[in-house]
Amino acid sequence: MIEIYIEHNPYKPFTKILIDNEPVKDNSSLNYKNRPFQEWVEGLPATLRDECADDEFHITFHGTILDFEDLQSVALAAENDGIKITCIHEPAKEVKDKEAAIDAIFQEIAENQYFEELKSPDMLKAFEIAKGKEFPVNVIATMSSGKSTLINALLGQKLMPAMQEACTATITELHDDDGDHFVATAYDANNLKLSFIDPLNLSAMEVLNKDSKVSKVVAQGNIPFVSSEDVSLVLVDTPGPNNARNDEHRAATFRMLSESSKPLVLYVLNATQLAINDDNALLTEVAESMKVGGKQSKDRYIFVLNKLDSFKAGEDDINSVIQNARTYLADKGIENPNIYPASALTALEIRSDFKDVDLKNIDPANYLKPEFLATMARISNLNTNLHLDEYAPLTPSVNSQIVMQLAAARETGDMKEEALIHSGIKSIEAAIRVYVDKYAKTAKIRGIVETFAKKLESQKSFERTRKQIAESQERKAEIRANIEIIKGKIDDAKAAKSFNETINKLDFSKDVAAKTGKIIEKAQASVGEQIDAVRGRKLSKTEAEGICAGFTNYAKNLQAKVCVDIENEVNRFIKEQCDQLTAAYVERLQSFAKDVNLGELQIDPVKILSGEIESANRIAAIINSATDTESVKVGEEWIENTSKKWYKPWTWFQEKGHWRSVYEDREFVEGQKLADAFFAPVQENLYQNQTDINESTKKQVNKIKKEFKERFDELDRALKKKLAELEQCASDENAQDEIIRQTTERLNWLTDIQNRVNAILEI
């Protein structure tokens with residue numbers, strides 16, 4: 001058995017691996033260094049076997065409990081491949097320990113007596129942004145899955161309209177601020193404010209949802225199962241692509257699913273009706289997303305198998321229901337999904353209608369209410385037979401918390417709390433918190449530390465230089481001369497012109513066109529597959545109408561996906577180019593401005609591709625244009641041989657009659673003609689977008705050039721201001737001792753704060 005030691009720090013991230021107390025080599029496949037744990041942990045057993053030529057390992061893991069439980073899960077799965085792994089855990093500092101340290105340090109920085117720069121609005125804003133960074137949980141589903149009911153159950157109140165899923169016509173963002181009630185602002189498709197609603201309730205949401213002018217609703221209130229102090233959670237209710245009110249809604253769904261984004265997704269499935277065509281486009285995109293990015297890409301999808309209250313233990317096998325869902329998702333390319341069975345309706349009723357009902361002292365009048373009896377039946381079924389929490393794929397440490405809650409509910413005879421746990425809702429809430437802790441909070445901590453560290457290092461470098469100047473009395477003239485040289489370099493017109501020419505030469509058009517052209521080619525190939533599917537088919541008008549309805553949804557989803565893919569690609573490319581340009585500027589200044597802090601450049605992503613989608617009238621015209629006439633065999637008729645008679649011996653051996661084919665003129669729709677007519681404008685639009693992309697990119701490049709020039713000029717001015725301060729320090733001979741005393745004191749404070757900030761990222 002080979003001894004493996006793994007130390008993983010999720011806050012940096014950084015990994016160290018020892019094999020029999022020897023560090024892995026630089027060229028080893030086990031040299032994961034700065035890669036996130038969930039990107040490589042699933043492949044660890046096979047890599048260990050290949051590297052060590054063995055199949056038995058004992059792993060000592062130093063890291064967080066959540067990462068350790070991921071390792072345990074991988075080790076258990078490895079047994080199927082003949083790899084035996086035992087694991088022990090060396091605890092590390094958890095997220096909650098880090099958050100307390102961050103608050104204490106920031107308070108001290110905000111109250112410091114030395115550096116007004118650290119108390120500036122920009123610094124405070126940067127910290128608040130990092131600390132209060134919102135984390136979206138996107139809830140998506142197709143019709144009749146109970147999506148709105150699930151959201152309401154998570155909220156503990158009836159806020160979202162819970163009728164047919166098609167009623168979700170707006171994008172609704174529910175931001176957690178721990179408020180006592182919800183308020184909301186409604187926006188149109190151009191993001192212009194339409195109205196402010198206070199308070200926001202179910203009736204108000206129904207009105208907003210029916211208003212065709214309303215595109216998005218942004219609400220603030222309390223999401224009970226999390227605290228906004230921990231993380232600013234946002235529940236996002238997005239229309240399914242086939243129910244979206246406009247193209248942006250549809251694009252928002254695909255944008256959220258795209259690989260470049262890692263928000264948590266609750267995908268709600270109807271356990272009683274899995275095979276829905278509307279799922280195809282969504283689940284295909286989900287499958288693609290899950291294949292990229294390792295375990296996190298799988299963890300970010302929570303499949304809620306809803307409406308399990310329709311099943312009864314003893315009559316229905318819940319394991320079989322879950323397996324059916326697993327098979328259904330596997331057919332879509334989704335392997336090993338995290339499926340959480342649930343009865344959202346029961347959970348909602350317990351948290352809303354039954355909130356103030358004492359089941360130990362029931363009002364007899366309630367027995368006369370059918371809805372009361374129905375809910376009681378569901379509660380009884382959950383508590384007696386249907387323990388959905390037992391099927392939730394939670395880690396042992398998290399599941400133990402659920403078990404403790406259940407034991408407490410049973411001990412006190414709390415039927416409602418017990419049923420709430422058995423409904424699966426608390427397991428879903430726990431899974432959300434786990435994802436937040438594992439990914440969102442570690443990223444937030446890293447972002448906060450970086451916000452501190454950059455500014456502190458800049459200040460420290462400057463103070464160190466001031467002190468060195470004050471201590472170098474005999475070299476002050478030389479220092480002043482060098483400062484003048486540096487200032488001269490900044491003002492060097494020839495050098496500035498050369499650098500501006502570098503900026504002016506920026507041209508992303510060819511590279512962007514090449515990258516996006518591949519996306520459009522892929523879309524064209526997909527359209528070709530749709531045309532091939534009906535090639536050679538002769539359709540009735542009814543069939544043609546049904547096929548065109550499918551074509552319409554397909555075309556809309558294709559347009560949205562292409563739009564998002566291009567957005568991501570263009571944004572990724574532009575970000576790379578901007579990083580290179582920033583690096584070039586830093587390189588230019590490296591010799592004389594190492595303490596200049598560039599900050600972050602914000603570039604809005606390119607938004608393109610707003611294609612024309614066929615209207616209902618256009619579809620009718622297409623069908624008519626593809627309609628032709630042919631003789632179609634509709635049946636056969638019997639033709640009697642009237643010449644066959646008993647008195648005509650020569651006819652005795654003739655047939656009594658024969659079957660004759662009957663023909664009549666009947667309209668049909670040529671499948672290929674239909675598809676060609678339908679998709680011609682779609683294909684034309686895709687090609688046209690090649691030109692649109694280039695034009696849009698040129699505009700974006702010009703904007704980037706302008707922003708970079710302005711930013712670099714600002715940095716030049718900031719540098720000259722600092723140089724002036726240093727020059728003053730070198731000129732004031734009488735203040736030498738005081739400057740040394742001040743800078744020493746300030747450096748000591750900075751060093752202490754800096755050490756404490758850096759320690760936050762240690763485990």
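The table for this structure:
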| read-out | value |
| --- | --- |
| Segment 2-92: radius of gyration over Cα atoms, expressed as a fraction of 2.2 N^0.38 Å | 0.97 |
| Thr412 paired with Lys25, simple spin-label distance in nm, labels 7 Å along Cα-to-beta-carbon | 6.1 nm |
| More than 17 angstrom apart: percent of Cα pairs within segment 537-580 | 55 percent |
| In range of the label at Gln742: residues from segment 464-498 whose backbone nitrogen is under 16 Å from the point 7 Å along Cα→Cβ | 464-472 |
| Global size of segment 462-565 as Cα Rg and Dmax, reported in angstrom | 32.1, 98 |
| Alpha carbon convex hull of segment 322-462, volume per residue in cubic angstrom | 183 Å³ |
| Residue-span extension gain [Leu18 to Phe196] - 0.36 nm each, minus C-alpha spacing | 58.2 nm |
| Pairs beyond 30 Å (Cα-Cα), from Lys193/Lys721; Lys12/Lys699; Lys460/Lys698; Lys210/Lys703; Lys98/Lys262; Lys332/Lys518 | Lys193/Lys721; Lys12/Lys699; Lys460/Lys698; Lys210/Lys703 |
| Förster-model FRET efficiency, 35 Å R0, Glu484 and Asn758, C-beta, rounded to 0.05 | 0.45 |
| Whole-Å distance, taken between Cα centres, linking segment 1-57 and segment 368-388 | 50 Å |
| Sequence ranges 545-552, 213-220, 438-445, ranked by mean other-Cβ count within 10 angstrom, highest first | 438-445, 213-220, 545-552 |
| Relative packing of peptides 400-407, 389-396 - highest average C-beta neighbours within 10 Å first | 389-396, 400-407 |
| For segment 49-55, Karplus couplings with θ = phi - 60° (6.51, -1.76, 1.60), whole Hz, Gly/Pro x | 4, 5, 6, 9, 6, 8, 10 |
| Where Rh is the Kirkwood radius over Cα pairs, Rg/Rh for segment 50-120 | 1.35 |
| Cα gyration tensor shape of segment 439-513, rounded if a/c is under 1.5, else prolate or oblate by comparing a/b with b/c | oblate |
| Reach of Lys355 by Cα under 18 Å, taken over lysines that are not fewer than 8 positions away in the same chain | Lys158, Lys369, Lys416, Lys426 |
| Sites Asp532 and Asp732 - FRET efficiency at Förster radius 56 Å, r taken between beta-carbons, to 0.05 | 0.10 |
| At R0 = 25 Å, FRET efficiency that the Cβ-Cβ distance of Ser400 and His181 yields, to 0.05 | 0.15 |
| Length released on extending from Glu587 to Asn504, taking residue separation times 0.36 nm less the Cα-Cα span | 28.1 nm |
| Ordering of 340-346, 723-729, 175-181 by packing [mean C-beta count within 10 Å, highest first] | 340-346, 723-729, 175-181 |
| Residues Leu155, Leu506 arranged by fewest to most Cβ contacts within 10 Å | Leu506, Leu155 |
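Taken together, the values in this text are just the output of simple stated rules run on the coordinates, not laboratory data. No experiment lies behind these values; they were computed from the predicted model shown. Don't worry about glycine lacking a Cβ; one is built from the backbone with ideal geometry, like all the others, and counts go over all protein chains shown.
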